Amino acid sequence: MGDERRRRSGRGRLSGEDKALWRQVTKSITPLAGRPEEPPEPPPAAPAVEEPPPARPTAGRASPPAATPAAAPAKPPRPPLVPVDRRTLQKVGRGLVEIDGRIDLHGLTQEAARGRLVAFLAAAQASGHRIVLVITGKGAADDRADPLAPGRGVLRRMVPAWLASPALRAVVVGFSEARRQHGGAGALYVRLRRPGRGSGER
């Protein structure tokens with residue numbers, strides 16, 4: 001009786017070897033039409049891969065900011081021309097202040113007169129001269145009527161513009177019309193800067 005009970009209790013239970021054998025048998029069996037085929041067992045899931053944590057920035061190793069290009073130094077503004085003061089004009093007229101040099105531009109074309117004037121002023125400044133006389137001439141009546149006509153009248157109009165130009169600002173402090181004994185309206189007293197003092201001197 002005991003053996004019979006053990007045989008009955010063992011019915012319906014398959015060992016591991018029986019299960020493996022049954023799988024091989026079922027693989028070779030063609031399923032009947034109309035009956036769905038049993039789905040195969042799902043493959044084992046792949047183990048999850050842990051992502052590395054994001055790298056933390058290291059203290060003291062921050063990238064330096066982009067260098068900002070240095071701005072070009074601004075050029076100092078040119079000082080305005082200062083006419084020769086009245087006291088100096090009186091001293092020059094009375095002979096108390098000597099005229100250090102003079103140039104006569106009579107009869108020259110504009111191009112020639114300008115080139116000679118610039119060279120004269122540069123040489124006078126290098127020699128330490130302070131007051132020079134530039135003679136332009138008053139011009140004839142026809143020259144004054146037509147400022148574009150060649151002659152002394154044109155130089156009378158153009159020389160002040162040349163003296164006030166930026167090209168001569170480092171040489172010329174200022175200028176004024178000469179006294180009668182030195183040519184009056186046809187000449188100019190020109191005050192020069194001292195060499196090496198820069199354009200800030202007056």
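Here are a few things to note about the model shown:
- Rounded to whole Hz, the Karplus (6.51, -1.76, 1.60) HN-Hα couplings of segment 88-105, x for glycine and proline: 5, 4, 5, 5, 5, x, 8, x, 6, 10, 7, 7, 6, x, 8, 9, 10, 9
- Cα gyration tensor category, rounded, prolate or oblate, for segment 86-192 with a/c compared to 1.5: oblate
- Segment 86-192, dipole about Cα centre (Lys/Arg Cβ +1, Asp/Glu Cβ -1), debye to the nearest 20: 500 debye
- The H on the amide N of residue 169, modeled in the peptide plane, is under 5 Å from the matching H of no residue at least 5 residues off or on a different chain.
- Modelled spin labels at residue 181 and residue 167, positioned 7 Å past Cα toward Cβ, are 3.5 nm from each other.
- Computed from backbone phi, the HN-Hα couplings of segment 177-184 come to 5, 6, 5, 4, 5, 10, x, x Hz, rounded to whole numbers (Karplus: 6.51 cos²θ - 1.76 cosθ + 1.60, θ = phi - 60°; Gly and Pro given as x).
Bear in mind these aren't lab numbers, they're just calculated from the coordinates by the rules spelled out. The structure displayed is predicted, hence computed values, not measured ones. Cβ atoms come from the backbone with ideal geometry, glycine included; neighbour counts cover every protein chain shown.
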